[in-house]
Amino acid sequence: MREKYIILDFDSTFVQVEAFDELAKLTLNDSPNKDELVAEIINITNQGMDGSLPLDISLNKRIALLQANKKHIPQLINLLNNKITPSIKRNLAFFQKYSKNIYIVSSGFSDYIIPVVGKFGIPEQNVFANTFTFDSNGNITGLDSTNPLSQVKGKVKVVRDLNLSGEVFAIGDGYTDYEIKEAGVASKFYAFTENVERQKVIAKADVVIPSFDEFLYQNDLPMATSYPKNRIKVLLLENIHPHACKLLKDEGYSIETIKGSLSEDDLCKKIADVSILGIRSKTHVSKKVLEHAKRLNVIGAFCIGTNQIELNDAGDKGVCVFNAPYSNTRSVVELVIGNIIMLLRNVVAKNNKLHQGVWDKSAENSFEVRGKKLGIVGYGNIGSQLSVIAEALGMEVYYYDLIEKLQLGNARKCETLDELLEVSDIVTLHPDGRLDNANVIGEHEFSVMKDKVIFINLSRGHIVDIEALTNNLKNGKILGAAIDVFPYEPKDNQEEFISKLRGFPNVILTPHIGGSTEEAQFNIGDFVSKRMISYINSGDTTQSVNLPNIQLPVLKNAYRLIHLHKNVPGILAQINHVLAEHNINVLGQYLKTNEQVGYVITDINTEYNKEVVNELQQIKSTIKSRVLY
């Protein structure tokens with residue numbers, strides 16, 4: 001087998017930044033023209049990197065603008081140590097093992113490159129870079145012009161002089177890295193795009209690699225992860241918070257975002273190669289969608305409810321589902337309280353009249369919240385927190401829930417829904433969104449309510465019979481209503497909202513924004529994306545809504561075998577039989593089941609036969625099996 005050598009660039013490849021640009025920021029910090037000078041240096045750097053400016057001219061122009069001293073170099077080294085490219089950093093073991101075959105060839109400067117790459121085991125003699133010249137006071141005056149790397153096609157000369165016998169791979173983000181292949185002294189040029197994408201360079205590449213993992217994977221070299229993260233495709237729908245996008249992108253996954261929801265047919269077309277799907281409440285993940293999802297591992301519902309996902313079908317496909325049951329609770333509760341006050345004080349009607357020039361200063365049908373009886377239907381996370389805040393405002397709180405719940409404060413449990421409706425001045429709905437809850441509030445329930453009741457629904461649209469609600473608004477039974485959710489909701493902001501509830505002066509209509517605050521959406525984005533990342537990276541199913549919940553220890557110096565199967569007897573024994581047949585040492589094993597599926601996690605030593613995974617997949621009733629490390 002031919003020896004393999006790697007010629008690796010430093011700036012924007014080994015590290016995430018252009019070191020010279022960072023040095024400029026450090027040294028020009030006190031200059032009144034800092035921003036202009038740094039911008040000019042960065043522009044010259046880019047021209048040199050994409051080949052539009054000869055390298056020697058680019059270097060000399062930048063040094064002429066620099067006002068640096070030796071004392072700045074340790075500061076720069078410290079900064080660069082914290083800017084190691086993530087996929088380089090996580091493959092530290094590879095660099096240490098194969099360091100003799102790795103060469104750093106850079107137009108940067110050895111003064112700061114050698115200390116940084118040295119921590120990865122790369123010997124100093126394998127580092128080729130420019131060198132600064134200094135005056136007697138330690139000021140940088142220029143560079144050694146006899147060094148080939150200060151000259152045009154210097155990298156070509158350096159690599160040619162190495163006279164490497166074997167396959168030579170040039171990896172970098174700049175045009176000078178491509179020149180190594182162009183001159184015939186490298187077998188392939190890999191355009192490295194994890195940190196920066198230069199279209200002129202990408203156009204010249206044999207292969208474009210968004211991470212160092214991808215290079216190792218393509219060349220069957222040992223890597224820190226079982227699969228390149230850039231090959232894990234993420235589809236995020238419905239304008240999910242940018243914080244979630246950033247977390248997933250920083251993890252190294254390939255992200256596609258779509259502002260609106262997708263129809264079933266459109267989602268079927270998009271889902272085939274998606275591993276991670278992020279949705280909110282409008283996207284329906286049906287059995288048909290799941291049948292088209294050949295690579296799907298996890299769905300994140302960036303909201304409270306999961307009734308838009310066929311959870312049993314997802315479990316049958318081995319797809320783990322997470323939601324955000326707590327992250328937007330406070331936001332919903334605050335909107336309910338705000339709606340109660342606005343409706344009791346008749347603010348909406350007063351506001352509308354005043355905009356029409358009508359001065360209607362009257363206390364008629366305007367009330368305080370203090371002393372009013374609040375009836376909460378559904379005493380979950382939102383309902384229970386609402387009861388605490390409402391009680392603090394002086395309200396009497398009643399609640400009804402099908403499941404036995406411990407009341408908070410002085411809240412009083414009602415044995416039936418009718419009992420709650422009969423006593424309440426204000427009725428607010430907070431049951432879950434299961435289809436069984438359709439039309440929980442209909443004509444009968446409105447007839448049981450007090451006259452002049454305040455009615456609020458911030459849960460799910462199908463829970464209320466809209467025809468019955470409309471009738472009771474027309475006949476005056478309802479003093480005021482606030483509705484945030486509807487049986488049918490527009491797919492995006494361009495579609496017109498059609499509803500019989502439009503036009504009532506005593507009705508507050510909001511476009512499903514109960515949880516739509518910056519704080520809530522940030523928290524939801526943070527929580528759900530981290531749960532999905534943890535599942536993909538380690539198999540942790542904590543707080544999954546459809547798979548058995550297993551909280552796993554951090555994976556260290558081991559491989560982790562993930563096995564999802566139908567919940568039938570004997571699977572664990574078959575798994576252990578396969579492992580024993582291959583003489584594999586088990587370091588830890590975890591099993592948990594629910595009514596539908598079983599989930600087995602097995603941590604094994606790092607010496608194992610790859611055929612094991614294939615054999616585990618052949619076990620009858622297996623849904624999905626994969627290996628993590």
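No lab work stands behind these numbers, since they all come straight from the coordinates. Here the structure is a predicted model, which is why all the values come from computation and not from measurement. Using ideal geometry, Cβ is built from the backbone for each residue, glycine included, and neighbour counts are taken over all protein chains shown.
Translational diffusion of region 55-198 was estimated from the Stokes-Einstein equation, with Rh taken as the Kirkwood radius over Cα pairs; at 25 °C and 0.890 mPa s the coefficient is 151 µm²/s. Taking the fewest neighbouring Cβ atoms within 10 Å as the starting point, the ordered list for Glu310, Glu607 is Glu607, Glu310.
Cross-link check: pairs Lys4/Lys188; Lys269/Lys530; Lys259/Lys530 evaluated at a Cα-Cα cut-off of 23 Å; pairs beyond the cut-off: Lys269/Lys530.
Consider the candidate values (1) 62; (2) 56; (3) 67; state which one is percent of Cα pairs over 32 Å apart computed from the structure displayed. Structure-derived value, by its label: (1).
Taking label positions 7 Å along the Cα-Cβ direction at both Lys413 and Tyr326, the computed distance is 2.3 nm, reported to one decimal. Using the Cβ-Cβ distance between Val17 and Ser99 with R0 set to 35 Å, the FRET efficiency from 1/(1 + (r/R0)^6) comes to roughly 0.95.
Using helices alone, what [θ] at 222 nm do you get for the chain, with -39,500 (n - 2.57) per DSSP H run of 4 or more residues, divided over all residues and rounded to the nearest 500?
Numbers: 24 runs with 219 residues, N = 629.
Dividing the helical sum by the residues of the chain leaves -10000 deg cm²/dmol.
In this simple spin-label model, placing a label point 7 Å from the Cα along the Cα-to-Cβ direction at both Lys70 and Gln551 gives a separation of 5.4 nm. A full extension of the chain between Glu256 and Glu422 corresponds to an added length of 54.7 nm, given 0.36 nm per residue minus the alpha carbon distance. Starting from the 7 Å offset along Cα-to-Cβ, what nm value, one decimal, do you get for the label separation of Asn471 and Trp359? According to this spin-label approximation, the distance is 4.3 nm. When only Cα pairs below 8 angstrom with a gap of at least 6 residues are kept, region 4-218 shows a relative contact order of 24 percent.
How much length would be gained if the chain were fully extended between Glu595 and Leu572, taking 0.36 nm per residue of separation minus their Cα-Cα distance, in nm to one decimal?
Stretched out fully, the Glu595 to Leu572 stretch lengthens by 6.7 nm.
Nearest 0.05, what FRET efficiency do Arg295 and Asn137 give at R0 = 45 Å with Cβ-Cβ as r? So the FRET efficiency works out to roughly 0.15. Given R0 = 51 Å, the distance between the Cβ atoms of Asn585 and His243 translates into a calculated FRET efficiency of 0.80. Full extension of the chain between Val448 and Ser263 yields a length gain of 62.7 nm, computed as 0.36 nm times the residue separation minus the alpha carbon distance. Working ranking of peptides 352-363, 89-100, 328-339, 297-308 by packing, defined as the average number of other Cβ atoms within 10 Å per residue, highest first, is 297-308, 328-339, 89-100, 352-363. Put in line by how crowded their Cβ is, counting other Cβ atoms within 10 Å and starting with the fewest, Ile382, Ile209, Ile498 read Ile498, Ile209, Ile382.
In straight Cα distance, which lysines are under 17 Å from Lys34, not counting same-chain residues fewer than 8 positions off? Qualifying lysines at Cα under 17 Å: Lys25, Lys61. Cβ crowding within 10 Å, taken as a proxy for footprinting-reagent exposure, orders Arg198, Arg280, Arg160 from fewest neighbours to most as Arg160, Arg198, Arg280. Taken as entire DSSP H runs, the helices of the chain that both span 27 Å or more between Cα atoms along their own long axis and average -0.5 or more on the Kyte-Doolittle scale are 518-538.
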